[in-house]
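A short write-up of the structure that comes next.
The values are calculated or read from the model by the stated rules, or taken from the named source; none is laboratory data. Since this is a predicted model, take the numbers as computed values, not measurements. Cβ placement follows ideal geometry from the backbone for every residue including glycine, while neighbour counts extend to all protein chains displayed. Side chains included, ligands, DNA and RNA excluded: accessible areas come from the protein's heavy atoms. Shrake-Rupley method; radii C 1.70, N 1.55, O 1.52, S 1.80 Å.
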Amino acid sequence: NILPQEPSSISPRCFWRKKQKEEDDGDSLTYHTFFTSPINRTDAAEYLKGHLNEGTPKENYKFVLAFIFSLDEVIRNPDLLPNMSFHFEILSSRCKTVSQLRSCLEHSLNIDDITPNYKCVNLKKCVVMLSGPSWIVSSMVGKAMHSIIHQQILQLTYGPFHPTLSDCEQFPFLYQMAPENTSLPLAMVSLILYFSWNWVGLTVSDNDQGIQFLSYLRTEMEKSILCFAFVNMIPPSMHLYMSRAEVYYNQILTSSTNVVIIYGDTDSTLAVSFRTWVSRGIQRIWVTTSQWEVTSSKSDFLPELFRGTLAFAHHHAEISGLRNFIQTVNPLKYSDEYLARLEWMNFNCGILDSMCKTLRKSSSNSSLEWLIAQTFDMAFSDDSYDIYNAVYTMAHVYHEMLIQSMGNQELYSLIRKTHFTSPVGDRVNMNQKEKLQPEYDLFQLWNFPNGLGLKVKIGMFSPYFPHGQQLHLYEDVLEWATGSRQ
């Protein structure tokens, strides 16, 4: 029943980004955690907007924007929780490392003096926690809350799907909003076959996530008689990684392949390894996922040398109105240039055939001014879509609880039965066994000098299309984005 989605060659989806001036040390965490519960309150709009003015690290601010925007949309929906709203708390995300996270949580919840088995925090009923995008953060937050609060809290996560979090024994009340990447290996193999590449490298994190992906990818590669030039398993331990760093570097340097697949955690030694290779001048076609956009933007690449990054992102219908919602709060603070530093901007560039040449030759300020003059909106990332769907999931669960006069104990059984279509057409099904295989959009990423980035949608992949027709590339857009169809 899924119809093929026609490509729009006239108005392709194009995105741009202005890189932050300040850079972190590469070891900091990007995360945010929210607690929500229903409340009899109808004047929530101003309450929500007040949180936009609170101090939040810029690297995490896009999560708060997506969360507040989604809550506001739900509150204004007459068919969900009429005459009700959400009470929510946003935990501090100023801790920069995993080792600091537990103390940061305790400080945020004011539970420094809690003695185990003596005093418990009694939160409101029907509390749902939303955490991410790092699976490590979600794991630590979930376990920490379980150890200090006597009642169970339903936990939803945003960010890439991780097999560790799907362990029902460890995390019986945790649900991942992101779909499992079961069709991603097939999507990547389809891309390899499309360009007649038969000799590719693979670098993955040496953990459950990376090992599972390697297993799926190897199966798909063998079906199509494709070969790995090398397989680098990057250990999570920094000490162990540093002892082997030169081995990994020489492996990719001496390999004859021009194509390397990167898959794993962005807050890991794998990201350190990737940045090291790029800084040393290794030029390859990197095939990866949308989570690596930020990692690949850490450095400026010379366009005449950089072969580009191809990134797969989960396919979603576009959500409009985020930019307007934010700017109505404070037009002076939330200028277009300020928003560009927080998230990708999406604009119509169907007629801008010389865009890449313009960006390569122009200064940062003139290019930015020209881009801002175009008609655009802010674009949701994969993580932001997870937050959007998580908020609607909470609303549907709370709504059903009120209709059926159910208590807190039924919250966990109810969410497993929750399925709906979001306002933008995403089908959300919280039953893990019934989740559909995800579809993917394929993007070409470019990072130009002067801190500007460009991202162009060049195709899509659907596992529901007939075999051999699952990947569709928009060749005219591909030529526009890269200068060649080869």
The stretch 128-166, subset in a loop (DSSP other than H, G, I, E, B) and at pLDDT below 90, residue surrounded by the fewest Cβ atoms within 10 Å (Cβ to Cβ): HIS150
Which count do you get for residues in the stretch 210-258 that are farther than 24 Å from HIS162 by Cβ, assigned to a helix (DSSP H, G or I), in contact (Cβ under 8 Å) with a residue 24 or more places away in the chain and within 29 Å of the chain's Cα centre (by Cα)? 3
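Quick check on my filter: what residues within the stretch 440-452 are buried (at least 21 other Cβ atoms within 10 Å of the Cβ) and under 21 Å from the mean Cα position of the chain (by Cα)? Full working, then the answer.
Our first condition is that a residue be buried (at least 21 other Cβ atoms within 10 Å of the Cβ); within the stretch 440-452, this holds for 440, 442-443, 445-448, 452.
TYR440, LEU442, PHE443, LEU445, TRP446, ASN447, LEU452 - these are the residues of the stretch 440-452 that are buried (at least 21 other Cβ atoms within 10 Å of the Cβ) and under 21 Å from the mean Cα position of the chain (by Cα).
For ASP79, state whether it is part of a loop (DSSP other than H, G, I, E, B), surrounded by fewer than 20 Cβ atoms within 10 Å (Cβ to Cβ), at pLDDT 65 or above and among the charged types (D, E, K, R). Explain how you work it out, then say what you get.
On the way: part of a loop (DSSP other than H, G, I, E, B): yes; surrounded by fewer than 20 Cβ atoms within 10 Å (Cβ to Cβ): yes; at pLDDT 65 or above: yes; among the charged types (D, E, K, R): yes.
Spelling it out, ASP79 is indeed part of a loop (DSSP other than H, G, I, E, B), surrounded by fewer than 20 Cβ atoms within 10 Å (Cβ to Cβ), at pLDDT 65 or above and among the charged types (D, E, K, R).
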Go through the stretch 382-402 and give me each residue that's surrounded by fewer than 21 Cβ atoms within 10 Å (Cβ to Cβ), modelled with pLDDT of 85 or more and either among the hydrophobic types (A, V, I, L, M, F, W, C) or not in a helix (DSSP H, G or I) (or both). MET401
Pairing a residue in the stretch 180-202 that is closer than 30 Å to GLN432 by Cα and free of Cβ contacts under 8 Å to residues at least 60 places away in the same chain with any residue that is open to solvent by less than 50 Å² (accessible area, probe 1.4 Å) and among the polar types (S, T, N, Q), where Cβ atoms lie under 9 Å and the two sit 6 or more apart in sequence or on different chains, gives VAL189/SER224
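Please go through the stretch 316-333 and give me each residue that is outside any helix (DSSP H, G or I) and buried (at least 18 other Cβ atoms within 10 Å of the Cβ), ordered by number.
Filtering the stretch 316-333 for residues outside any helix (DSSP H, G or I) gives 316-321, 330-333.
The answer is HIS316, ILE319.
Can you confirm whether SER70 is open to solvent by less than 10 Å² (accessible area, probe 1.4 Å), at pLDDT below 85 and touching a helix residue (DSSP H, G or I) at 6+ places or on another chain (Cβ under 6 Å)? Walk me through how you get there before you give the answer.
Working: open to solvent by less than 10 Å² (accessible area, probe 1.4 Å): yes; at pLDDT below 85: no; touching a helix residue (DSSP H, G or I) at 6+ places or on another chain (Cβ under 6 Å): yes.
No.
Yes or no, residue by residue, for (1) among the charged types (D, E, K, R); (2) open to solvent by 10 Å² or more (accessible area, probe 1.4 Å); (3) out of contact with any helix residue (DSSP H, G or I) (no Cβ under 9 Å at 6 or more places or on another chain); (4) under 19 Å from LEU471 (Cβ atoms):
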| site | (1), (2), (3), (4) |
| --- | --- |
| TRP197 | no, yes, no, yes |
| SER243 | no, yes, yes, no |
| ARG275 | yes, yes, no, no |
| THR288 | no, no, no, yes |
So which residues in the stretch 58-67 are out of contact with any His (no Cβ under 6 Å at 6 or more places or on another chain) and either buried (at least 23 other Cβ atoms within 10 Å of the Cβ) or part of a loop (DSSP other than H, G, I, E, B) (or both), if there are any at all? LYS62, LEU65, ALA66, PHE67
